[in-house]
Amino acid sequence: MATLLPLYTPSQLAYYLAMTSLLNTLITQESHVVRDPLWKDIHLSDSLYQMYRSKAMQKLGRIKQLGPTFLLYPGAVHTRLNHSLGVYHIGRQILLNLLKKIENSLFSIEGVNAYLCALLLHDIGHFPYAHSLKDVIADDHEAIGAQIIENDQELRSLIKACNTTTELVCAIIDEARPAVSEEISLYRSILSGALDPDKLDYLNRDAFFCGVPYGMQDVSYITGKLQVCDGRLALEEEAIASVEHLLFSKYLMYRNVYWHPRTRSATAMIKKAVVGSLSDGHLREDELFNLDDEEFTHLAKEKRLATLPLFEAVHNNQIYRCVYEESWEAEKVPTPFERHQREELLCSKYGLAPYSLMTFKGSGHL
């Protein structure tokens, strides 16, 4: 019996052969395996493995993914390096699935390599409590990360060894930069979308290390149902329920982990300490960017910051309790620096020790 093969146009056949070659290269060159407690074997090429071992990446191994959440969930001591490997792993699986579909003709070898680098480096701009301080620090962590990559000779050399360019990697990570091609726009939509590998990893990983069931997703099913439509990432209709499950899981994780009152209070105390030190001129914004958790604490001690008692209280699990709560209209909520000034005036008025009172913005409340 004769076997019927699909008929391709010359351009389709050329693309098919190129993508087959790329798939083979991706698989055969991945000579290193890093063992992960969540995803098990994570495969890296030699150049990407050296990137993982770079000084800038190893700093992420000294920054807790969930900050002070370990005070509530003692298992939550996983790091941003763990998370970065997970994002790379899931993003790679998405790529492998998309490359197997002949209709996806956007991909180039240089672009694919830039995407793989961006997956691994996407959190390189993080410093301790970066998310908590996003309304205090002028630049977001993506912009900071792109700047770090551009100024780090080791990372630039490793990106070059991956047969791509620093410009493309930074364009994928930092969406404020121009998208130099439709392919780069696609990679952005993969890395920062409704079903991005970042979200798929942190929900599963945070739930795993906190010991709660809320964030678990069927990642292999979701990544297998993704495709490209009109240059953008799309999901097959039969998998829509997986998006609904993800959104509800995210809500449960925020309610029970990320926005738990003790976690919020501990985070607010650290934020208060940083805002106070910035306001007093004892700390500069740029001093925060290259710190890990230990260096963050050491800096407060070395500078003998007036806010040091707040840092020490958090480290000793002596967390403030909420004594009053009221609703505010979003546009009328004071900035962190305005709140700091008002808080210190109240401390002075009522004879309280400096930094012993604070207000923080909760979920629709202050």
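Any idea which of 130, 143 is under 26 Å from residue 82 (Cβ atoms) and either hydroxyl-bearing (Ser, Thr, Tyr) or not in a helix (DSSP H, G or I) (or both)? Step through it out loud before you land on a result.
On the way: 143 fails: either hydroxyl-bearing (Ser, Thr, Tyr) or not in a helix (DSSP H, G or I) (or both).
Result: 130 is the single residue among 130, 143 that is under 26 Å from residue 82 (Cβ atoms) and either hydroxyl-bearing (Ser, Thr, Tyr) or not in a helix (DSSP H, G or I) (or both).
Restricting to the range 285-304, what's the tally of residues that are in a loop (DSSP other than H, G, I, E, B) and under 24 Å from residue 81 (Cα atoms)?
From the range 285-304, those in a loop (DSSP other than H, G, I, E, B) are 289-292, 303-304; that's our starting set.
Checking which are under 24 Å from residue 81 (Cα atoms) leaves us with 289-292.
Qualifying residue count for the region: 4.
Would you mind telling me which numbered condition in (1) of a type outside the set (Phe, Trp, Tyr); (2) surrounded by 13 or more Cβ atoms within 10 Å (Cβ to Cβ); (3) part of a helix (DSSP H, G or I) residue 282 fails?
Unmet for residue 282, out of (1) of a type outside the set (Phe, Trp, Tyr); (2) surrounded by 13 or more Cβ atoms within 10 Å (Cβ to Cβ); (3) part of a helix (DSSP H, G or I): (3).
For the range 226-248, which positions are surrounded by 17 or more Cβ atoms within 10 Å (Cβ to Cβ) and among the basic types (Lys, Arg)?
none
Working carefully through the options 120, 155, find the one that is modelled with pLDDT of 95 or more and under 18 Å from the mean Cα position of the chain (by Cα). I'd like the intermediate steps shown before the answer.
Details: 155 fails: under 18 Å from the mean Cα position of the chain (by Cα).
Going through 120, 155 in turn, the sole match is 120.
Just to be sure I understand the filter: pairs with C-beta atoms under 6 Å, separated by 6 or more residues or on different chains, first member in the range 231-251 and within 24 Å of residue 208 (Cβ to Cβ), second member among the β-branched types (Val, Ile, Thr). Which pairs pass?
242/222
Could you say whether any residue in the range 113-120 is of a type in the set (Ser, Thr, Tyr), in a loop (DSSP other than H, G, I, E, B), in contact (Cβ under 8 Å) with a residue 60 or more places away in the chain and outside the structural domain of residue 311 (by TED's automatic domain parsing)?
Checked against the condition, which is being of a type in the set (Ser, Thr, Tyr), in a loop (DSSP other than H, G, I, E, B), in contact (Cβ under 8 Å) with a residue 60 or more places away in the chain and outside the structural domain of residue 311 (by TED's automatic domain parsing), the range 113-120 yields no hits at all.
The values are calculated or read from the model by the stated rules, or taken from the named source; none is laboratory data. Model, not experiment: these values are computed from the prediction. Neighbour counts run over all protein chains shown; Cβ positions are idealised from the backbone, glycine included.
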